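The values are calculated or read from the model by the stated rules, or taken from the named source; none is laboratory data. Just so you know, these numbers come straight off a predicted model, no measurement behind them. Counting neighbours? That spans all protein chains shown, and the Cβs are built from the backbone with ideal geometry, glycine included.
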Amino acid sequence: MLLATTTDPGALTLVLLAIAVALALGFEFVNGFHDTANAVATVIYTNTLTATPAVVWSGIRNLIGVLTSSGTVAFGIVALLPVELVLNVGTLAGFAMVFSILMSAIAWNLGTWWLGLPASSSHTLIGSILGVGIANSLMGTSHSVTDGVNWSKAQDVMLGLLISPALGFAIAALLLILLKVALRNPGLFRAPEPGKKPPGWIRGILMTTCTGVSFAHGSNDGQKGIGLIVLILVGLLPGTYALNLSADRSALTGLVQDATQLADTFRVEARGTPMTGPEATRTLSAYLKPLAETSPRTFAALATTCDAITAQLRPLGTLADLHPTNRARLRTDLYLVSKAIHRLDAEGHRKGASPIHATELRFASHAESLTQFIPKWVQVSVALALGLGTMIGYRRIVRTVGEKIGKDHLTYAQGATAEAVAMAAILTGDHLALPVSTTHVLSSGIAGTMAANASGLQAGTVRNILLAWVLTLPVCIFLGALLFAAALNLGALVFGG
């Protein structure tokens, strides 16, 4: 069943849009009080700030982080989704995907928050995405687990999520040891006196690290909700959100020139293989699946699609001149060609710095600038949801991080060291377009400083945290798959298929 509309959205479309956007904002709200508690725990437990100003300050920094984010992580998350559902997110199956991902992620986040366990919202969301991809593949024609998920992209993401806690532990521990050698101030390495604020310069350091972690958390985690909301808007209101309508004429002219040149090159590599427009779309969609292989049909599909892009763009002054009913089609064509080019590049199809290789990469970059854009109101909405969430419900996680990881009270040096490492890790993730778990890095950093300080770790708490971390992916994969299958079957009963 098609839910999308290009001109006048019906009541059903608006209701589904409202539900989906509310779920995405709800995920970011829960993310706020679930994850950002890590950022404020250090300033609260070192008496740098009391709880209320700490969470308000952190919430504001999270909000600013979202508003200034680049969007690369947002579209990195979307790249994990099944290709056919991304292209058809305006259908019942597409909405079932979004609903299942967000509901399973919210459910696990709320459960771990209630237990006071600092689990990762990044792992939660990615596990839900993998579950939907697996279920979609098993329920489809291939019935193959390997065909439903972009496993190479998932591997990169999960590798970052697995490595970051280990690095956080080791680097924070090493940094604390170096500080002990370099700074001969024993007060930095002792527990704060109850009710007594630290010296001004120490407060400044701790405020700086808290600010940095909060800002970095907003810039990374906020993008996850942004990516899903943009996908929802593209699916349900393609006439308005499928393309960046503010793109200037020069961008379109460059795309037309590159598409024309690439079409000629791809035709040669197709070796005379004929291809119609609908067949080209199916061929490229199949090519973007994990196990697909490059063949002359791939290049025939690319040539046909590049011709279609040229035909659509050549007469236009701006993208706003393109009729709303044709915008989703153009977006699909640009998406398929740019993703196929990136796959060819990853496979080393054109080794060396050849002119045609440069043209391919330039085309892909320009195509993504037209299809990967974020409406300002989406950024503002997510920023507010994450910022407000930070100010509410933080106490459970704060208490675990501040009191229950180590046997001794958190010291000034430990708080600053753990947060500095977390901030660096998250900003590195932003640069590499990878989601990084604030929770994992900072909790591991605090554990690392406790070990380096010979403070000892509370085995029960560490065991429970590790158990939550280990269970997050499999549980969310199961929840995502279960909810997706249930939503599809319910939709078939209600709407008749």
Fill in the blank from the handout: Quick count over region 240-262, residues being assigned to a helix (DSSP H, G or I), crowded, with 20+ Cβ neighbours inside 10 Å and not acidic (Asp, Glu), is 5
Practice task
Mind listing whichever residues of region 329-358 are β-branched (Val, Ile, Thr) and surrounded by fewer than 18 Cβ atoms within 10 Å (Cβ to Cβ)?
Solution key: 356
Practice task
For region 294-351, name all the residues that are under 18 Å from residue 276 (Cα atoms) and touching a Lys or Arg at 6+ places or on another chain (Cβ under 7 Å).
Solution key: 296, 303
Handout entry: Filter pass, residue 297 being surrounded by fewer than 22 Cβ atoms within 10 Å (Cβ to Cβ) and outside the structural domain of residue 137 (by TED's automatic domain parsing)
Key = yes
Exercise for the section: For region 69-77, indicate whether the set of residues that are closer than 20 Å to residue 479 by Cβ and touching a residue at least 60 places away in the same chain (Cβ under 8 Å) is non-empty. Expected result: yes
Exercise for the section: Kindly indicate whether any position in region 160-179 is in the same structural domain as residue 427 (by TED's automatic domain parsing), polar (S, T, N, Q), surrounded by 14 or more Cβ atoms within 10 Å (Cβ to Cβ) and farther than 29 Å from residue 473 by Cα. Expected result: no
Completion exercise
The residue that is modelled with the lowest pLDDT, considering only those in region 423-445 that are farther than 10 Å from residue 72 by Cα and hydrophobic (A, V, I, L, M, F, W, C), is 436
Exercise for the section: Name, by its number, the condition in (1) at pLDDT below 70; (2) under 17 Å from the mean Cα position of the chain (by Cα) that does not hold for residue 395. Expected result: (2)
Practice task
Test each condition in (1) in contact (Cβ under 8 Å) with a residue 24 or more places away in the chain; (2) over 17 Å from residue 374 (Cβ atoms); (3) not charged (D, E, K, R) for residue 185 and report the one that comes out false.
Solution key: (1)
Problem - Any chance residue 360 is touching a residue at least 60 places away in the same chain (Cβ under 8 Å) and on the phi < 0 side of the Ramachandran plot - result: yes
Practice task
Kindly indicate which of 385, 364 is modelled with pLDDT of 85 or more, among the small types (Gly, Ala, Ser), under 30 Å from residue 244 (Cα atoms) and in the same structural domain as residue 263 (by TED's automatic domain parsing).
Solution key: 364
